[in-house]
Each structure stands twice: as structure tokens, then as C-alpha cells.
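One structure below.
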């Protein structure tokens, strides 16, 4: 950076005299805000969320595994260490354990896993009043949230369910047991709701996919796959450009799935996006989270693609279920809890070389055209309206 | 940093402010022209009249704009010399224009209770109530001055006033006026297509003329009681006594009564081009306003041409004048008087401070208040508060946040249960005011500080402009949290408010840089966040704030630095404003002409009275939403496009607390 101002020199002097703030983004950095929470499962700040995604959707090569192991210090599958058991109502039961069980099912969305885990809390609870139950749930959801701060849908799922518990007035008039079973029922249904949401989004987006169009997709997203699948079933003629989706190569997985559906697919390396953008008619991406500004948080590279698409006047469509709406408002890329993951470069990297290991980026709303959600097709600014109505 | 695209900002709000292309040209600012047969305020009225006489107002948003948009292009069927409006249409329009406030008031049946409509008038124009009469509808008939007004519009509004009242008042009507009114309202209740017969039209004109003649008769409006009584839903008997009470009271109260003068045409106009403020280039109204003013202001000699519609007065003379009058003005409560003087002298500034001072003064007023005999607390207190408000406006124009607070207070007064005794009522009002101050200002600030501090990271360079108390609290809080950051305070002449802030921050040990706005583009590249305060946030996301804010925000935007506006939600306003010209406040022009402490810079010293020199000292400006990344309010962090949602969702709660 080119500094013109004298005040920067002042600043620099200060930094020199005082201890420089350690660069938190290097792999070897000390744990950040999570350090003070009870259990800190990922000492290297490796995002469990992105680990799971990679495990489910990624095409993992053996050398990647080796490097990942080296970086994490153990096999990625047991990144989750044995938790110090969260005592819920005096009985050994861990929400986080429960959650991880659910999370390991590839077809289950993260939020659904969270809510199922909370349902398990209710089931195991020995509370006798609604208030007690609420407090227990609150504790459980807090520990879930702090366990993986990088997963937005986990947070959003917990919040949604808590909101249902605290705000549903019908619960207050029932006796405790029926209220409890109602909550469990609701939680069980949530998986269905999530699946339905995907269907709705697929239906809504059909109007936007026209014959002969070229769609660029980035990474692997269940919703986007559903959209494309539905379009193929509707006998639409279109072709798909898949980015590779480094480092976990989720794009390969998507291209495999699409090839099975006989959709013409072309694989691009991530850096070929701008090169092929002029052939593209629309960009379709999923989202890990939709934030209050109307922007999205998604796999690394989405912002870049959105920028390219915006400068070439191509529409960028986002498919996201409404339970991914989160009360977050990042102002810029660094304004989020860092979600890191190991990256495989195929060759050993000298230790002096820094590696940018962030797993996600934030795409500001002005680069998005429309959001397809189960609430309907929204412009980015509506997201905040929905969130205000949902959470306030 | 994240500019928000302009096209997304299409909030659903009532049509406010500016002229839409398919509307007829706006009414001339002066009402004094010859009775124009094409008087614009009425031209869009005819369509709605298929609606029933006592119309239940449709939902808020639809009512004003839809009705009008739908109607405006329709041809006007009647064109007589006195182009009498088709009553039904007018009625719809009135209902429409009342609507937003009605729905804000909640349940009260919109047209029946005088107290609620007293409130109404104020509510809808709360940001500048002083230049608007107390909307004591009872005084309409009496208060029409003889000449100079656009007769048609007066008449039409008069008729509709009566019609609106009709359901309630029929049994109480008495006297000629009443009878005539009745015929008129009969004619008016006809459906649109059925043409009124000549005779009926004649009768109507007659009645209007009679009413006008009565009004002309006495400027004070005293003998017009008969028609006045007919026009109210109050029992006729009570009206005169109340009137008499009001009269001996000193100027301001009488003045506020007389403010009914220009109400009807105003109301007419409001639905089309609602300039809720006094336009100071309107000579007639300025004259009238002057007559009733407590504060004697002499107009500045060289008024800035583009800003003639704003009050521009000579400075310095009012304060001693008012101080000398302190013991003469018995109707003014000393607490209010004190606050007014403080506004005038500039001792209290800053949106929150002014609002709290005003509310506390009103609290004193309420504590000392006792209902005069034969009056109801609800009405009399509303009128009193109204007159105090207009006094405060004379001292300094209200901010929108104060307007919202006044709206809240009046609503609380109007909604007092009748069963309460006077002391209980006073008690409850005082605690309401306390609650408003605590919840909407003090607590809200705390929440904002929490939210905003989460956006401060170690190593940040925060820029702020001028002196905003919320921003100061944020900086101090973030400092207390042990965050490492540096502050850049950008300041500007003539107020140099930033220096006070700088002093306080430095005393607390923050690391500060101080610069003037001239250097903002130089300093901006090292800044990572811009925190700004706001006087109010408008429904289209525009931020109305201390002059210079827009400049800072634009520079920050150009440098891709996120701009955070910190503003309590009670300062949100449903108005839409596109520029900072049509409503603004003008400061003392001398302040910019003179450089304090610099004797050598005196180039304009003797030019103050030159005809070709106009000094413009604007106080506020409007920042469009695309330069704003985020608004931090007590409801959380929202994008500027979501302001209307907050306004819509919490308006009700805001009023009810």
C-alpha cells in the first residue's frame, strides 16, 4: 500500500514500539475468540463446517489428505475431539455429539442437523416447566453455536428454533408434556421443511432458465443441483459451466452429478471464470449464509465470480433456503469470524510462505441480482426486511 | 463500501414531497391569487366519490397514493366559474390525507372525535407544527379571513369539513348555517355521476358565501360562533365558553387558535404536494405567522435566493428581547420558556439533548397543569402543548426527532382513558415521558453502542465528523473494551463541534487525529471505518445530518470505506427527501463571514448589507443511501433500504410504547 499520510508514520512507530499484533490469519496463529469457550475443538481454527462440506461433497485426493493431516495434526474425521460432556439436566448428554452424528449424514442440511440435535436435548431433558426447558435449550444452542462459529446455517438454525420455542404462544397454554412433544414434532418436521424449501426454490427458478442458456455454477450446492435437476427434468436445454471449486474440488462432484443427468457440462479451473464469462448467460450460486445486507457468504471464489459477472452485466442468482438467513452484517471481507481450512498445493510449501486459508468470502448485495428462496424470489434488500420481521 | 443500488430503494411509502409527473402543476405558493377556476388542489378529486360518506379509511399505504394516483389523470367533469369540487371526491381525499395519522392513532374512529383530530393536525406536520395552526377544526368557519385566499379551495375544504362531521353533528345543528350545511351535505352524499341540480349548487354557494361573510365580519372570530358550533361535533353550548377562555389569554394562545386560518387550503394541498413546512417565500403566511409570533424576528435583508422558503432572520436581536419579556408572557410555562431561550442561544444543541430538554420541560408543564373549568384535560393540554411547541419552533426549528417525540406525547394525551382523574392522568403522562426518554433514547443508545462496537477491530482507524454523542459513546466503549484503534475527527467551520469531542476523547486517552473537512480526501485512504451520527433518517434511506456529512460519506464511498450511520430509531421518519434544499435550517450568516480570532481575515466585514452578497450558512444536508453501508439502530444493524420496514413495523409500538 502506498501511504501518503504522515499519520501513518506515527502509526507505524507506535506499532514498532508496542508489540505488533500477530497476524491472525496465518495457520500457526493462536486461536481467536473461541479460546475462552469451554470446548475448543479446533485448535487451529479449522472450520468444522467446511471440513464437513469437503468430506461430503469434495473430491479428495490422497495427497490432500496427507497434507490435511499434517496441518490439522490428525485425521479430518476426528477433528471433533471427545467433548467435555455438556451436562444437561445432570445427565451425560452432549448436544454437540448429537449434532455431529446428524451432521455426518451427507443429505442433511446443517440447520436440520442443528435442530435435530436440539430436539434430542428436549427429549433427554428432565425439565418440568417450560421455562426450565427453555433455559436448557438456550444453553445447548449456545454451546452448539460456539462450537462452530463458522457455520452460519448452524447459528441460524439454532436461532430459528429458539425463536419458535420462545415466541410460539400456543406453547404456553398447553400442558408441559404436550408442548414438549409438539416441539419435538416440529424439530422432526424441520428436515422435511428443508427439503420442501429446496423444491420450492427449484420451482421458482425454472422461469429464469431458458432454452439454450449457459449457466455458470460455483462449487457444490444441494439447492443449485436441485434447480438444475428440475430444469433438466422439465426438458430445458441448457449447458452448465462448473468451476473446479478448489481446494476441496466440490465442482467436480457437481459435474459428475450433472453428467448423470445428461446435462452438457464443461469444467473450468477457478481462474478461467473471466475467460469464459462472455459465453455465460447467468451465474447460479448457492450460499452458506445470507446476511442482513442482502449479500451472501459462500465458498471462496464467489465474490470474484460475482464481480466478473457484474462487470460483464450477467445476472447473478443465488439459491438459498430461508433458514440460511443470518443476523450478520459483514462490512467487508475480513469482518467475519475466520473460517479456515487446509489447502493442498500438491507440493510442500516452505514455512516462510504464508497461505491464505480462508474458506469463504462475502459477496456484497450490489453484485447479486436476485435471491431464490422459499419465501419467493427476492431482491437483496428484501432479505433484511424478512430478517427484521423474523427476529425482532 | 457496499454501495446500495439506487433502484432497489423503492420503499413503499406514502407519496410525499415532490410533484409527480402526471399531476397538475402544484398550487402557487401564495394563496392570494385570483380565484383560479382551475385551482389545482381540487383537480384530482373527482374520482373517489363513489365511496360512501363515512368512509372507513383503507389501509394506510394504499390510501393516499393509490387513491390519488388513480384519480389524478381523470378529466374534471365540472367547470363552473367557482368550480365547486364534487364533494365525494374531496371527502375521499380528506380521508386519505388523514389516514396515515389515523392509523397511527390506532383505534379511534377517525372522524368523530375532535380531540383525535386536534392531535392529527399536529401529528402530520409534527416537524414544523408552529407554522401550522393548531388544527382546531372548530375554528375553521370563523377564521377565514376576508380576501386574498383562493376561495374555491377554502370552500371545498369547508364543505368537506362539514360533511366529515355530518354523522355526528346532525342533531346539534342549529341556525342558518347549520341548515344550509345540511342541504349541502345532502347534495354531497349523492353518488358521483348524479349531477347536482342547479338549485342545489346554488344553495351550496349561498351557504359558502354566508359562512365566508360571517367569517369576514370579525377577524377575531368571536361572533362566528354559530357557524363554528355547527361545524363541530361538540355540543354547541360548550364551544363559546371555551372560545372566550382562549381569547383573553395572551398572544400566543390566541395566535395558535388563529392558526386555523390557512388550514383548509393547506389540507387540500397536502394530498397533492404536501410541503409540511411553512414556506417563507409566501408573503401572506409569513405576515400571519409574524402576527402571532412570540419571538420578534426581523428578516434578514439579503436572503439567499434558493432558500427563500426557509426562515432567514437577523440574528442576535431576539434573545435580549425575549429575556426582557420573560415576566410578561404569562401563558408560557417558565420551563418551556427556558428551554426555548436555550435553543435560541444555542446552549442546547444535538438532537438527543434538545429532545430530552423539551420533553423534560413538558414534564414540568404537565406537573403544574390543572385543567381549567369546563374543559377536558385531553383537549386543553393538547392545545397547550401545541402552543408551546410553536413557541419552541420560533426559537429554533424542530428537528424531526423532536417532532416524533411531540407526536408521541400528543398521542399519549389523546389516548388517556377518560376514567382517569386529573392527578392520575398527569402521573401517567409524566411516567410516559420518562419511559420515552429512557427507552427510546438512553437505552437505545446503549444498544447502538454495543452493536457498533462489534464492528471495531484492532488496528482500525475510525473517522467521525463533527460531534455526535452516540459516536462518542461508541468510541469510548470500544476503548473501554481494550480495542486498539485510532480516531480521526474531521471538523468544519463555523461550529467546530469536533474540537469539544476531540478534547473529551483525548482526555480519555484515545489516540486521535484532528483535521478539517478540507483534508478529508487526504486522510480518507488510511481510514477503515466511518462512523457518523444523524439528525434523522428518512424513509428512502436518506440520512439527514449536520452539513458536511454527505461530503464525508461520499469521499468514504469513493475510497471504498464502509460508512456506518448511528441513529436511534425514534429519529426515523416516514418522509422522503431527495435534496437538502426543500427543507433545511439556516444558521447565522455572520458565522461564516467572520473567521474568529483572525483579525486579518476581514474581507467581508463591511459587505454584510451589500445587495449582491448573499451569505448561506446551511445547517443540514442529505446523504443519499448509496453512500451508506449500514445504519446502526436500536433494532440492530440494518441496511439503509430497510428504514421503511422499521418505520412501518415500529411506528405503532413507537406511539404506544
Which condition breaks for residue B:572 when tested against (1) buried (at least 22 other Cβ atoms within 10 Å of the Cβ); (2) more than 14 Å from chain A (Cβ to nearest Cβ); (3) under 17 Å from the mean Cα position of the chain (by Cα)?
(2)
Right, residue B:541: surrounded by fewer than 19 Cβ atoms within 10 Å (Cβ to Cβ), in contact with a strand residue (DSSP E or B) (Cβ under 9 Å, 6 or more places away or on another chain), in contact (Cβ under 8 Å) with a residue 24 or more places away in the chain and within 14 Å of chain A (Cβ to nearest Cβ) or not?
no
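Conditions tested, residue by residue: (1) modelled with pLDDT under 95; (2) touching a helix residue (DSSP H, G or I) at 6+ places or on another chain (Cβ under 8 Å); (3) under 27 Å from residue B:479 (Cα atoms); (4) in a helix (DSSP H, G or I).
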position	(1), (2), (3), (4)
B:519	yes, no, yes, yes
B:541	yes, yes, no, no
B:545	yes, no, yes, no
B:579	yes, no, no, no
Name every residue in region B:495-510 that is crowded, with 16+ Cβ neighbours inside 10 Å and farther than 19 Å from residue B:351 by Cβ, in order of residue number.
B:502, B:505, B:510
In this structure, does residue A:235 turn out to be out of contact with any helix residue (DSSP H, G or I) (no Cβ under 9 Å at 6 or more places or on another chain), away from every other protein chain (no Cβ under 14 Å), over 12 Å from residue A:215 (Cα atoms) and outside any helix (DSSP H, G or I)?
yes
When region B:453-476 is examined, which residues are found to be more than 24 Å from residue B:348 (Cβ to Cβ) and surrounded by fewer than 20 Cβ atoms within 10 Å (Cβ to Cβ)?
B:453, B:454, B:457, B:458, B:459, B:460
Would you mind telling me which numbered condition in (1) within 14 Å of chain A (Cβ to nearest Cβ); (2) crowded, with 21+ Cβ neighbours inside 10 Å; (3) closer than 21 Å to residue B:436 by Cα residue B:562 fails?
(3)
Looking only at helices (runs of 4 or more DSSP H) that lie completely in region A:104-223, which have at least 3 residues being under 29 Å from residue A:315 (Cα atoms)?
A:152-167, A:176-205
Qualifying positions in region A:372-392 - surrounded by fewer than 19 Cβ atoms within 10 Å (Cβ to Cβ) and not in a loop (DSSP other than H, G, I, E, B):
A:376, A:377, A:389, A:390, A:391
Mind checking which pairs have a first residue in region A:371-392 that is within 9 Å of chain B (Cβ to nearest Cβ) and touching a residue at least 12 places away in the same chain (Cβ under 8 Å) and a second that is assigned to a loop (DSSP other than H, G, I, E, B) and crowded, with 20+ Cβ neighbours inside 10 Å, Cβ under 6 Å, 6 or more apart or different chains?
A:380/A:294; A:380/A:368; A:381/A:294; A:383/A:294; A:384/A:292; A:384/B:639; A:387/A:292
Taking the conditions exactly as written (assigned to a loop (DSSP other than H, G, I, E, B) and free of Cβ contacts under 8 Å to residues at least 12 places away in the same chain), does residue B:416 satisfy them or not?
no
Only one of (1) surrounded by 15 or more Cβ atoms within 10 Å (Cβ to Cβ); (2) away from every other protein chain (no Cβ under 14 Å); (3) not in a helix (DSSP H, G or I) does not apply to residue B:551, and that is (3)
Hits in region B:358-370 (condition: in a loop (DSSP other than H, G, I, E, B) and either within 27 Å of the chain's Cα centre (by Cα) or buried (at least 20 other Cβ atoms within 10 Å of the Cβ) (or both))
B:369
Going by what's in this entry, would residue B:478 be described as under 23 Å from residue B:631 (Cβ atoms), within 12 Å of another protein chain (Cβ to nearest Cβ) and in a helix (DSSP H, G or I)?
no
Could you tell me whether any residue of region A:356-371 is surrounded by fewer than 17 Cβ atoms within 10 Å (Cβ to Cβ), at pLDDT below 90 and in a loop (DSSP other than H, G, I, E, B)?
yes
Residue that is modelled with pLDDT under 90, more than 22 Å from residue B:574 (Cβ to Cβ) and either within 14 Å of chain A (Cβ to nearest Cβ) or within 21 Å of the chain's Cα centre (by Cα) (or both), where the choices are B:618, B:613, B:655:
B:618
Out of (1) closer than 24 Å to residue B:307 by Cβ; (2) over 26 Å from the mean Cα position of the chain (by Cα); (3) not in a helix (DSSP H, G or I), the odd one out for residue B:592 is which?
(3)
Any idea which of B:447, B:527, B:520, B:461 is within 14 Å of another protein chain (Cβ to nearest Cβ) and within 28 Å of the chain's Cα centre (by Cα)?
B:447
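The values are calculated or read from the model by the stated rules, or taken from the named source; none is laboratory data. Keep in mind it's a predicted model, so treat the numbers as computed, not measured. With ideal geometry, Cβ positions are generated from the backbone for all residues, glycine too; neighbour counts draw on all protein chains shown.
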